[in-house]
Amino acid sequence: MAQVVLEVEARENAGKGFARRLRAAGKVPAVVYGKGMEATMISVDPKALQKAVSGEAGWNTLLTLSGAGLDKKVVVLKDAQLHALRRDMLSVDLHAINLKEKGHFMVPVTVVGISRGQKMGGSTQLIRKELEVVCLPTQVPQTIEVNIEALEIGDTVHIEDVTAPAGVEFVHDVNFTVVTVIGHSAEEETGAEAETAESDEE
């Protein structure tokens, strides 16, 4: 798992006015919270944070804080409020984690290969773009690969068909669909199913 040092500064003030002044100075307000600690208000450089989580690990990148009395505290980006038009970061939440305790993480899914059904004129549909996993923070995979080369039209890969990497467990109550291969006549229906699945996750 990728690890990056992130410089932060302490802050005591809150409120919209202070936040605007902070952003004008090139920083954004942030909060660090986690098990066994009080929430701590800090400020971060949004460009540095964006760069830190722009790699393959994304928001699962382990951020080691430096400054504000939080030296060596390891966090992950949990939430970010973005400007509606510019998409700039306006504020962020950082979740402190224990590297020796398992946690819940969302990991993107990557399909590997071209399905037989697609070669026959069908379409491969990725229903779940992310999967929830439980593992140690240092064992979070960058992606979950699903090989689809043997799939025919009408075949479906469910979560129980997906092999989890070593040390990783999938979180699921039902055996939901991850990938399916359909004919052209079923594309519209499956597209609606994918939208529903994403809405459920939100």
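The values are calculated or read from the model by the stated rules, or taken from the named source; none is laboratory data. All of these numbers come straight from a predicted model, not from anything done at the bench. Using ideal geometry, Cβ is built from the backbone for each residue, glycine included, and neighbour counts are taken over all protein chains shown.
A few points about this structure:
- Comparison of Gly154, Gly121 shows that the only residue that is farther than 30 Å from Arg11 by Cα and in contact with a His (Cβ under 8 Å, 6 or more places away or on another chain) is Gly121.
- Screening segment 128-186 for residues that are small (Gly, Ala, Ser) and surrounded by 15 or more Cβ atoms within 10 Å (Cβ to Cβ) and picking the one that is farthest from Ile114 (Cα to Cα) gives Ala164.
- Selection within segment 3-21 - surrounded by fewer than 18 Cβ atoms within 10 Å (Cβ to Cβ) and either closer than 30 Å to Leu131 by Cβ or not basic (Lys, Arg) (or both): Gln3, Val4, Val5, Glu7, Glu9, Ala10, Glu12, Asn13, Ala14, Gly15, Gly17, Phe18
- Test: residue in segment 88-99 that is crowded, with 18+ Cβ neighbours inside 10 Å, touching a residue at least 12 places away in the same chain (Cβ under 8 Å), hydroxyl-bearing (Ser, Thr, Tyr) and not assigned by TED's automatic domain parsing to the domain that holds Thr177: yes
- The set of residues from segment 12-44 being out of contact with any strand residue (DSSP E or B) (no Cβ under 7 Å at 6 or more places or on another chain) and within 23 Å of Thr64 (Cβ to Cβ) comprises Gly26, Lys35, Gly36, Glu38.
- Some residue of segment 87-96 being part of a loop (DSSP other than H, G, I, E, B) and at pLDDT 95 or above: no
- Among (1) over 21 Å from the mean Cα position of the chain (by Cα); (2) surrounded by 12 or more Cβ atoms within 10 Å (Cβ to Cβ) - the single one Met120 does not satisfy: (2)
- Within the option set Lys35, Lys102, Lys27, being surrounded by fewer than 17 Cβ atoms within 10 Å (Cβ to Cβ) and either in contact with a Lys or Arg (Cβ under 9 Å, 6 or more places away or on another chain) or without any contact (Cβ under 8 Å) to a residue 40 or more places away in the chain (or both) holds for one residue only, Lys102.
- Here Gln142 qualifies as closer than 30 Å to Leu77 by Cα, part of a loop (DSSP other than H, G, I, E, B), in contact with a strand residue (DSSP E or B) (Cβ under 9 Å, 6 or more places away or on another chain) and among the polar types (S, T, N, Q).
- Matching option when the condition is surrounded by 17 or more Cβ atoms within 10 Å (Cβ to Cβ), modelled with pLDDT of 95 or more and in the same structural domain as Val8 (by TED's automatic domain parsing), among Val107, Val74, Val53: Val74
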